[in-house]
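I have placed the structure first, in the form of structure tokens, so that the comments after it can refer back to it.
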Amino acid sequence: MGSVSVKEWVQNVIKPEEIEKYLNNGKDFLDENFINETLFKKQKPDKSEVREIMTKSLELQRLEPEETAALLNCNDEELWQEMYTAGLQIKQKVYGRRIVTFAPLYVSNYCVNNCVYCGFRHENQDIHRHSLNTEELQEEIKALVSKGHKRLIMVYGEHPKSDVHYIADTLQTAYSTKVDNGEIRRVNVNAAPLCVDDLKLLQEVGIGTYQVFQETYHHQTYQNLHSRGPLKRDYLWRLYSLHRCIEAGVDDVGLGALFGLYNWKFEIMGLLLHTIDLENKFGGVGPHTISFPRLQPAVNTPWINDSPYLIDDDTFKKLVTAIRLSVPYTGMIITAREKAEIRDDVVKVGCTQLDADANIGVGSYSKHTLDVSKQQFILGDNRSLDEAIRALANMGFITSFCTAGYRCGRTGDYFMDIAKKGKVHHLCMPNAILTFKEYLLDYASNETKKVGQTLIDMELESLPNESIKQTVREMLARIEAGERDLFL
Ligand code: SAM
Ligand code: SF4
């Protein structure tokens, strides 16, 4: 940061010309009247309409707003059961019985903003602030790699201490820290909106997906909750952050809304309009992932208990299913904010990624502590990676640590194209099997090894192509003999 004050730094972050170029006749794509009218128009969908829409989702076509509105307004429990089943079928079609796992790594929790729901907000005096230095970050990476992790989402507050140069340096450290057979092969980032030039810098150091959650798509609610954040209060700077990512070449982007801030049906319509605007502006490339964090308690953050929009578990399952059906080909992330039983349940309606072994205190992996004064919020699922993987294997899901796609350039429009044709799993399932084998050999408990190996045998047999099957068998033998990082 040099001699620049925090105030001066803040003044130079937002580039109005990088917002204006994306507006349509001076307006953003989030047309609230349209959302409200569409939800109103589709208040009482009949059974046949809902089933027709489900068929469209099962054909892996993205829904139109009227169709999503009809699903959201469905009050028939029997139809919801059919939608849950359809959600899983869609996931299997696009991704196979594969779940990607990763660990969240909180790198810096200084923040200039004051989001009323977040433990890291600037005015929260009960939070212990820290930015990891290189040695501390290396210790964190070593602790994670030693458990078997290959993928991270690195998380940063918005502050000059964690500006783009810090993010780039920490990404490089994460990629270059090796332990025995292990290393981090893909780093996604969840951080504040950046300008195009900064995003280009992150692209150069090999960033994976860039996630920015809009929190709420409802303009007035957004203003109310973020009015005291000097940067975050700019709704449009955030709304177009992922457009800027794709413009800068970071073509895997992650959308999200924080459920519990406003009406859940409105937020899903917002996520859909966001998807459609990205697809329209970037030749069909929409979000690589959609996240749907639900508000969790945080230290010294009483506002959360007063929100009138908190949602129960049943509604949560419905909203996850509605997203699955609305954007059938996108990745969907369920985090350890949720309790184990809920995570296990929503994996069965179509989630494709989850974090495991999460510890969200800055510096907490290497120190083996669970210190809530360093955490952004309180976690619901504290299972170890080994336990989470075993639970998934018992449900018939194979955990994938594969990162081959990104390293072979299968991102952005290439990925979207194969996802829409339901062909992701053709390469991904063999790669999932290979990386799962590595995990079982290097990190798993005996109990997990047993269930895991049975699953590998089953998945290997169900690979559709005889020559791929043979190649995978040969690669598995090489892995058993000590080779690593083999992929198709
Ligand atoms: N500071 C950056 C930002 O706000 O974009 C990125 C990091 S922030 C730590 C990551 C996400 O955590 C936010 O986008 C928000 O959706 C989520 N979050 C904040 N407070 C939360 C809470 N109390 N419960 C659950 N999720 C929360
Ligand atoms: Fe800062 Fe992000 Fe938390 Fe808001 S959500 S206070 S921007 S860390």
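For a straight C-alpha distance cut-off of 16 angstrom, the aspartates and glutamates reachable from Lys317 (same-chain residues fewer than eight places away being disregarded) are Asp76, Glu77, Glu78, Glu82, Glu267, Glu338, Glu341, Asp344, Asp345.
For the stretch 221-323, the list of trypsin sites (Lys or Arg not before Pro) that fall in a loop by DSSP and count at most 12 other C-beta atoms within 10 angstrom is empty.
Shown for Glu158, Glu341: other C-beta atoms within 10 Å of each C-beta, ranked fewest to most, produce the order Glu341, Glu158.
When only C-alpha pairs under 8 Å and at least 6 residues apart count, what is the relative contact order of the stretch 32-89, in percent?
43 percent
Counted by neighbouring Cβ atoms within 10 Å, the residues Asp357, Asp180 run from fewest to most as Asp180, Asp357.
When peptides 144-152, 296-304 are ranked by their average number of other Cβ atoms within 10 Å per residue, the highest-first order is 144-152, 296-304.
Scoring 451-458, 462-469, 273-280 by mean Cβ neighbours within 10 Å over their residues and listing the highest first yields 273-280, 451-458, 462-469. Length gained on full extension, Glu20 to Asp169: 50.6 nm, using 0.36 nm per residue less the C-alpha separation.
For the stretch 32-89, a simple Cβ point-charge model (Lys and Arg +1, Asp and Glu -1, everything else neutral) yields a dipole of about 60 debye relative to the Cα centre. Peptides 49-60, 386-397, ordered by how many other C-beta atoms sit within 10 Å of their residues on average, highest first, read 386-397, 49-60.
Here the chain is treated as an ellipsoid with the same Cα gyration tensor; its semi-axes, largest first and in whole Å, are 32, 29, 21.
Here Ile90, Ile479 are placed in order of increasing Cβ neighbour count within 10 Å, fewest first, which gives Ile479, Ile90. Among the listed pairs Lys7/Lys147; Lys161/Lys265; Lys367/Lys469; Lys41/Lys281; Lys44/Lys91, a Cα-Cα separation exceeding 31 Å is found for Lys7/Lys147; Lys161/Lys265; Lys367/Lys469. Identify, among Ala391, Met475, Val347, the residue whose Cα sits farthest towards the positive end of the charge dipole of the chain, taking +1 on the Cβ of Lys and Arg and -1 on the Cβ of Asp and Glu, with the dipole about the Cα centre. Checked the options; the winner is Met475. For the stretch 75-144, GluC sites (Glu not before Pro) meeting the loop criterion (DSSP other than H, G, I, E, B) and having at most 12 other Cβ atoms within 10 Å: Glu123. Dividing the mean sequence gap of close Cα pairs (under 8 Å, 6+ apart) by how many residues the chain holds gives a relative contact order of 20 percent.
Taking every alpha-carbon pair within the stretch 176-229, the share separated by more than 13 Å comes to 71 percent.
So how strong a dipole does the chain carry about its Cα centre when Lys and Arg Cβ are +1 and Asp and Glu Cβ are -1, to the nearest 20 debye? Using Cβ point charges on Lys, Arg, Asp and Glu, the chain gives about 440 debye. Dividing the summed helix terms, -39500 (n - 2.57) for each DSSP H run of n ≥ 4, by the number of residues in the chain produces a 222 nm estimate of -14500 deg cm²/dmol to the nearest 500.
Read-outs throughout are calculated quantities, based only on the coordinates presented, and are distinct from any laboratory measurement. Values in this document were obtained by computation on a predicted structure and should not be read as measured data. Note that each Cβ is placed from the backbone with ideal geometry, even for glycine, and that neighbours are counted across all protein chains shown.
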